[in-house]
Amino acid sequence: MYNEALEQMVKYAHQAESINSLLERDHFHRTISEKALRREVNDLEMDEHI
């Protein structure tokens, strides 16, 4: 039981690291937002879109 819980905690920790890494890539998010909206976006628009 302990080993299973430990494995799950490691998985979730890795997922959290991956999500944080993606959230820190503003240029990546800006590009996605601009392609989706078909225009340049400012920081507020980018945050709302993501």
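The values are calculated or read from the model by the stated rules, or taken from the named source; none is laboratory data. All figures in this text were calculated on a predicted structure; none of them were measured in a lab. Because the Cβ atoms are built from the backbone with ideal geometry, glycine has one as well, and the counts that use them run over all protein chains shown. For the accessible areas, the whole protein counts, side chains as well, though only heavy atoms, and no ligand, DNA or RNA atoms are used. Shrake-Rupley method; radii C 1.70, N 1.55, O 1.52, S 1.80 Å.
So, for the chain, what is the accessible surface per residue at a probe of 1.4 Å, expressed in square angstrom? Provide the component values of the computation, followed by the final result.
Numbers: 4610 Å² over 50 residues.
Result: 92 Å² of accessible area for each residue.
How do Met1, Met46, Met9 stack up against each other in accessible area, from largest to smallest, with a 1.4 angstrom probe? If you can, show how the numbers build up before the last one.
Numbers: Met1 200, Met46 10, Met9 130 Å².
If we order Met1, Met46, Met9 from most to least accessible, we get Met1, Met9, Met46.
Report the accessible area of Lys35, computed with a 1.4 Å probe over the heavy atoms of all protein chains in place, in Å² rounded to the nearest 10.
150 Å²
Quick check: with the 1.4 Å probe, what order do His29, His14, His49 take by accessible area, largest first?
Working: His29 20, His14 120, His49 80 Å².
Ranking His29, His14, His49 by accessible area, largest first, yields His14, His49, His29.
Counting other Cβ atoms within 10 Å of each Cβ, which GluC sites (Glu not before Pro) in the chain have at most 14 and sit in a DSSP loop? Don't skip to the answer; put the middle values down first.
Working: sites: Glu4, Glu7, Glu17, Glu24, Glu34, Glu40, Glu45, Glu48; in loops: Glu24, Glu40.
Answer in residue order: Glu24, Glu40.
Per the helix-only calculation at 222 nm, which mean residue ellipticity applies to the chain, given -39500 (n - 2.57) for every DSSP H run of n ≥ 4 and division by its residues, nearest 500 deg cm²/dmol? If you can, show how the numbers build up before the last one.
Working: 3 runs with 41 residues, N = 50.
Per the formula, -26500 deg cm²/dmol.
How far apart, in nanometres, would the label points at Glu17 and Ala5 be if each is projected 7 angstrom from Cα along the Cα-to-Cβ direction?
About 2.2 nm, to one decimal.
Let's see if you can work this out: charge +1 on each Lys and Arg Cβ, -1 on each Asp and Glu Cβ, no other charges. What is the dipole magnitude of the stretch 1-49 about its Cα centre, in debye to the nearest 20?
On the way: 6 positive and 11 negative charges, 48 e Å.
Its charge dipole is roughly 240 debye.
State the percentage of accessible surface on the chain attributable to carbon and sulfur atoms; use a 1.4 Å probe and exclude ligands, DNA and RNA.
Details: 2580 of 4610 Å².
The computed percentage sits at 56.
Report, as a whole number in µm² per second, the diffusion coefficient that Stokes-Einstein gives for the chain at 20 °C and 1.002 mPa s using the Kirkwood radius over alpha carbon pairs. It would help to have the intermediate numbers written out before the result.
Details: Rh = 12.7 Å.
Answer, rounded: 168 µm²/s.
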